[in-house]
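The values are calculated or read from the model by the stated rules, or taken from the named source; none is laboratory data. The model shown is predicted, which means the values in this text are computed figures rather than measured ones. Reconstructed Cβ throughout: ideal geometry from the backbone, glycine too, with neighbour counts over all protein chains shown. Protein only, heavy atoms only, side chains kept; ligands, DNA and RNA dropped before computing areas. Shrake-Rupley method; radii C 1.70, N 1.55, O 1.52, S 1.80 Å.
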Amino acid sequence: MKKHTKIISTDSSWVNAIEIAPFPTWVQPRAGEYYVWGANDPYGPAAVVAKTFKVDWKKIKKATLFLSVDNYAIVLINGVPVVIDRPQDTFAFFNPGRTFHIEPFLNQGENDIVIAGFNSPSNANRSQGNPAGILARIEIKYEH
């Protein structure tokens, strides 16, 4: 059987997303994907970005979400919490990247992902001295 992979990564096509340069110690993005923050408040202490994407449910082999965030995040897929990080109280903390299996959260057809990212401390604006960013990659592997 032939496999097909669909990849949806953070970039400026996401709702309210502005692409930002990655901090040197963060996981570096792959070609065509970017760290993002909220376009409505590019230097604010929190950002919410979202994307609608389609899923062909015929033969899903595996679906994952890779998430790297500075400092922490909440992720919803189709309104269901997938990730709820504990707030961090140090601005030096960042998450180097984790992978979650998301098959149970997906629907055939349209799906929505919403990511709320937070800088630390919670009232600290994003800056060169206290960076903040969200990198997400959904990979859906199909078998045909």
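Once you list every other residue whose beta carbon is under 13 Å from the beta carbon of Val36, what net charge do they have if Lys and Arg are +1 and Asp and Glu are -1?
Details: positive: Lys51, Arg126, Arg137; negative: Asp11, Glu19, Glu33, Asp41, Asp70.
Computed value for this residue: -2.
Probe radius 1.4 Å, ligands and nucleic acids ignored: give me the carbon and sulfur share of the accessible area of the chain as a rounded percent.
Details: 4140 of 7510 Å².
Its accessible area is 55 percent carbon and sulfur atoms.
Evaluate the charge dipole of the chain about its Cα centre and quote only its size in Debye, nearest 20, assuming +1 on the Cβ of each Lys and Arg and -1 on the Cβ of each Asp and Glu.
Working: 15 positive and 13 negative charges, 143 e Å.
The calculation lands at about 680 debye.
How high is the FRET efficiency between Ile60 and Asn40 when r is their beta carbon distance and R₀ equals 41 Å, given to the nearest 0.05? Write down the numbers at each step before the final one.
Numbers: r = 34 Å, r/R0 = 0.82.
Once rounded, the FRET efficiency stands at 0.75.
Counting only C-alpha contacts under 8 Å and six or more residues apart, can you give the relative contact order of the chain as a whole percent?
On the way: 355 pairs, mean separation 53.7, N = 144.
About 37 percent, as a whole number.
Could you compute the longest span of the chain free of trypsin sites (Lys or Arg not before Pro) located in DSSP loops and having at most 10 other Cβ atoms within 10 Å, not counting the site residues? Don't skip to the answer; put the middle values down first.
On the way: sites that count: Lys2, Lys58.
The segment 59-144 is the longest one with no such site.
Excluding same-chain pairs closer than 8 in sequence, count the lysine pairs in the chain whose Cα atoms lie under 16 Å apart.
Qualifying lysine pairs in the chain: 23.
Modelled label-to-label distance, Asn16 and Asn123, 7 Å Cα→beta-carbon offset: nm?
2.2
Probe of 1.4 angstrom, ligands and nucleic acids ignored: what's the accessible area per residue over the chain, in square angstrom? Don't skip to the answer; put the middle values down first.
Details: 7510 Å² over 144 residues.
Ligands and nucleic acids excluded, the result is 52 Å² per residue.
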